[in-house]
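Asker: I am attaching a structure below and will ask some questions about it afterwards.
The values are calculated or read from the model by the stated rules, or taken from the named source; none is laboratory data. What you are looking at is a predicted structure, and each value in this text was computed from that prediction instead of being measured. Cβ placement follows ideal geometry from the backbone for every residue including glycine, while neighbour counts extend to all protein chains displayed. The protein model used for the area step is the full one, side chains on, heavy atoms only, and it has no ligands, DNA or RNA in it. Shrake-Rupley method; radii C 1.70, N 1.55, O 1.52, S 1.80 Å.
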Amino acid sequence: MAASLSLKGVDLHFGGVKVLQDVTFDVEPGVIFGLVGPNGAGKTSLFNCISGHYKPNSGSITISGTEVLGSAPYRLARLGLARTFQQPALQLHATVLENVLLGGHIRLPGWPVSWALRLPYTARAERGIRAEALELLNRAGLGWAAGLPAGELSHGLHKGVELWRALLSKPALLLLDEPAAGLSHGEVEQFIKTVRRIRAEQDITIIIVEHHMGLISALTDRVVVLDHGRKLMEGTAAEAQSDARVIEAYIGKDAADDAA
Amino acid sequence: MPAMSSVLANKSTRVILIAVVAIALVVAPLILPAFTNQTLVRIGVYAVAVLGLNIVMGYTGQVNLGQIFFVGLGAYVTAYGVNHDWNIILVFVAACVVPGLVGLLVALAAARLGGLAIAMVTIALPIVGVPLAKRLDEFTGGSQGTSARFTDAPDWSGLYNDQWQFYIVLLVTAAAFLLGRSLVRGKYGRAFGVVRENEAVAASMGISPYRTKVLAFTVASIFGGASGFLYLAAVQYTSPETLSFGHSISLVAAMVIGGAGSIAGALIGGAYYVFVPQLTNAIDPNLTTISQGAILLVVLFLLPQGLVSLPRVVRRLFRRRTSRSSLPGNPPQNSPVHQPATDAAREGLEKTERQDRS
Ligand SMILES: Nc1ncnc2c1ncn2[C@@H]1O[C@H](COP(=O)(O)OP(=O)(O)OP(=O)(O)O)[C@@H](O)[C@H]1O
Ligand SMILES: [Mg+2]
């Protein structure tokens with residue numbers, strides 16, 4: 001079941017720095033939603049608020065109607081939330097397969113004692129999740145890398161491994177923080193196809209933070225533009241790109257005047 | 001397919017290897033001299049303690065300088081049980097459960113404190129433990145210590161004591177290593193690893209860093225207790241000296257030298273713990289500390305991943321010489337640790353940890 005997300009009046013301060021101010025928007029279940037804005041606008045901070053890594057000073061964040069503000073982040077995975085990080089955070093010495101398997105943690109049954117005793121049901125679950133992780137990697141054309149230490153892969157592939165790690169948890173709401181940063185043109189095309197396939201195959205809501213406007217236009221149903229921690233506008237990607245306030249935020253007021 | 005056949009070959013060689021080692025271990029005490037048996041027994045004793053330490057420190061990355069406290073506690077519980085004529089199975093269970101519970105309580109409190117605070121709490125354990133063992137002489141026999149004989153070979157076995165003890169230690173050590181190996185290989189092993197490397201990522205996978213640390217610490221304490229049971233089975237005597245802080249540091253050194261984050265490394269660590277003092281004593285009894293330090297530095301300098309990485313390092317050297325690596329993609333220049341986003345997420349996690357407390 002794809003999840004819905006609702007933010008109301010989210011404020012986040014660090015000391016005197018207002019990182020987010022009164023951010024309010026809703027994400028319908030099943031959509032691909034874009035979150036854009038200039039560097040430092042607060043996009044990653046907003047993701048951190050949704051995933052529980054940051055605690056907003058005020059406001060409300062609900063996932064499918066459940067208030068998550070103030071929940072420990074590890075509890076949110078069980079509500080169907082999964083995310084990637086702007087800087088891929090893989091275990092570089094572990095294999096790619098082991099990295100992806102982490103995403104399966106919440107789907108595996110059993111207590112430490114049953115795993116230490118290797119009770120048949122834990123062994124079966126482990127075999128099952130491994131097969132599933134390998135299948136994901138194979139379909140992504142990454143099967144060859146499964147047994148390699150993640151540290152030996154390129155930056156672009158790290159982003160991919162993070163995506164498959166997040167997907168192995170079967171999320172209902174997936175947050176992708178700049179999934180295309182540093183990717184080549186061909187890799188971006190490939191990524192767009194992958195996200196379309198994921199949406200076609202599973203019931204999932206996806207929120208993408210991205211500076212690559214081509215990707216945002218190609219994938220998203222709706223976008224919110226953030227600037228200096230405030231919501232600047234909300235609409236389709238095309239509307240955002242032609243919105244004067246957005247152009248101004250991105251290239252500065254003077255340049256916007258020159259362009260006009 | 002060559003890859004497939006090499007996997008099969010690998011698997012069958014492994015099965016044969018395990019069978020050979022198992023038979024050798026069963027036959028060995030019958031033919032080896034008593035002194036060698038006793039040495040092997042002591043390796044087993046400390047390997048179990050190092051295994052536990054490895055789970056909390058090597059795998060989960062939580063500095064624990066108090067492992068010897070749990071070894072000593074297990075030894076005292078064993079002595080108490082034996083001297084009160086408990087059934088030996090009950091003694092063993094108590095020697096694991098009591099340190100396990102104490103470890104759980106300590107971890108519930110200490111794992112809330114981040115980073116070095118955990119280390120400080122664990123330092124306190126042996127420091128408090130020694131005077132405590134001296135004071136509680138009703139249970140511990142005070143400064144003189146307490147002895148308990150329960151591992152003399154029974155008549156029906158026809159074995160000598162050292163052989164009988166060997167089999168007891170072998171049984172428990174093998175069981176501990178099998179359990180430890182299974183634990184670090186699946187769901188919880190991955191959780192340990194990600195908590196060690198990046199708590200923010202752990203949390204986003206639905207893994208509570210706090211609970212995972214408590215689990216690892218408790219498991220380490222249980223293995224410490226089992227090691228204490230084995231210690232008493234082998235030495236038949238324990239005193240406050242058993243749980244002195246210096247021994248705890250030696251356990252950490254043995255764990256790192258054997259190989260942090262490696263099950264086989266724990267076994268090597270046990271051997272290191274037993275052999276190196278013998279070796280340095282043989283060189284010059286006046287210089288044991290210095291020569292032990294020198295050995296530590298040399299091993300860590302040459303093999304930062306511990307002795308267990310020796311075959312890997314040799315293989316890699318060999319491969320590098322024969323052909324330059326031809327892997328696709330470039331190794332990433334960015335380690336997540338140094339990236340601002342992850343650092344920010346970490347700061348966020350501290351808040352999470354505070355959340356956990358409620
Ligand atoms: N933990 C923190 N402590 C203090 N300030 C922070 C923290 N996290 C973020 N900020 C500040 O909040 C602002 C928004 O940062 P954020 O990373 O959310 O921006 P962003 O929109 O993701 O930018 P980019 O496109 O560069 O990734 C920045 O000014 C940043 O310095
Ligand atoms: Mg960002």
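Asker: Give me a count of the residues in the stretch B:138-180 that are surrounded by 20 or more Cβ atoms within 10 Å (Cβ to Cβ) and hydroxyl-bearing (Ser, Thr, Tyr).
Answerer: Of the residues in the stretch B:138-180, 4 are surrounded by 20 or more Cβ atoms within 10 Å (Cβ to Cβ) and hydroxyl-bearing (Ser, Thr, Tyr).
Asker: With the requirement that a residue be open to solvent by 60 Å² or more (accessible area, probe 1.4 Å), over 17 Å from A:Ala94 (Cα atoms) and within 11 Å of chain B (Cβ to nearest Cβ), what does the stretch A:121-152 give you?
Answerer: Scanning the stretch A:121-152 gives a single hit, A:Arg127.
Asker: Which of the helices (runs of 4 or more DSSP H) contained wholly in the stretch A:179-256 include at least 3 residues that are open to solvent by less than 60 Å² (accessible area, probe 1.4 Å) and farther than 20 Å from A:Leu168 by Cα?
Answerer: Helices (runs of 4 or more DSSP H) meeting the threshold: A:213-219.
Asker: If A:Ile106 satisfies every condition in (1) among the β-branched types (Val, Ile, Thr); (2) part of a helix (DSSP H, G or I); (3) away from chain B (no Cβ under 11 Å) but one, which is the exception?
Answerer: (3)
Asker: Right, something else. If you check A:Leu174 against the conditions, is it more than 8 Å from chain B (Cβ to nearest Cβ) and either within 16 Å of ligand 2 (Cβ to nearest atom) or not in a helix (DSSP H, G or I) (or both)?
Answerer: It is true that A:Leu174 is more than 8 Å from chain B (Cβ to nearest Cβ) and either within 16 Å of ligand 2 (Cβ to nearest atom) or not in a helix (DSSP H, G or I) (or both).
Asker: Given A:Thr66, A:Thr62, A:Thr44, which one is β-branched (Val, Ile, Thr) and within 16 Å of ligand 2 (Cβ to nearest atom)?
Answerer: Criteria check complete, one pass: A:Thr44.
Asker: In the set A:Ser154, A:Ser169, which member is hydroxyl-bearing (Ser, Thr, Tyr), more than 16 Å from ligand 1 (Cβ to nearest atom) and out of contact with any strand residue (DSSP E or B) (no Cβ under 6 Å at 6 or more places or on another chain)?
Answerer: A:Ser154
Asker: Tell me, which residue of the stretch A:204-226 that is away from ligand 2 (no atom under 16 Å from the Cβ) and free of Cβ contacts under 8 Å to residues at least 40 places away in the same chain is nearest to A:Ala238 (Cα to Cα)?
Answerer: Selected residue: A:Ser217.
Asker: Among the residues of the stretch A:38-80, write down those that are farther than 17 Å from A:Phe25 by Cβ, more than 12 Å from ligand 1 (Cβ to nearest atom) and facing another protein chain (nearest Cβ under 9 Å).
Answerer: Residues satisfying the conditions are A:Gly52, A:Gly70, A:Ser71, A:Ala72, A:Pro73, A:Tyr74, A:Arg75, A:Leu76, A:Ala77, A:Arg78.
Asker: Something else: If I ask for residues that are under 20 Å from B:Ala233 (Cβ atoms) and either in contact with a Leu (Cβ under 9 Å, 6 or more places away or on another chain) or free of Cβ contacts under 8 Å to residues at least 12 places away in the same chain (or both), which ones from the stretch B:22-38 would you list?
Answerer: B:Leu25, B:Val26, B:Ala28, B:Pro29, B:Leu30, B:Leu32, B:Pro33, B:Phe35, B:Thr36 - these are the residues of the stretch B:22-38 that are under 20 Å from B:Ala233 (Cβ atoms) and either in contact with a Leu (Cβ under 9 Å, 6 or more places away or on another chain) or free of Cβ contacts under 8 Å to residues at least 12 places away in the same chain (or both).
Asker: Does A:Gly30 satisfy the criteria of being open to solvent by less than 30 Å² (accessible area, probe 1.4 Å), away from ligand 2 (no atom under 16 Å from the Cβ) and facing another protein chain (nearest Cβ under 10 Å)?
Answerer: Spelling it out, it is not the case that A:Gly30 is open to solvent by less than 30 Å² (accessible area, probe 1.4 Å), away from ligand 2 (no atom under 16 Å from the Cβ) and facing another protein chain (nearest Cβ under 10 Å).
Asker: For the stretch A:76-127, what are the residues that are touching a Leu at 6+ places or on another chain (Cβ under 9 Å), polar (S, T, N, Q) and within 16 Å of ligand 2 (Cβ to nearest atom)?
Answerer: Scanning the stretch A:76-127 gives a single hit, A:Thr84.
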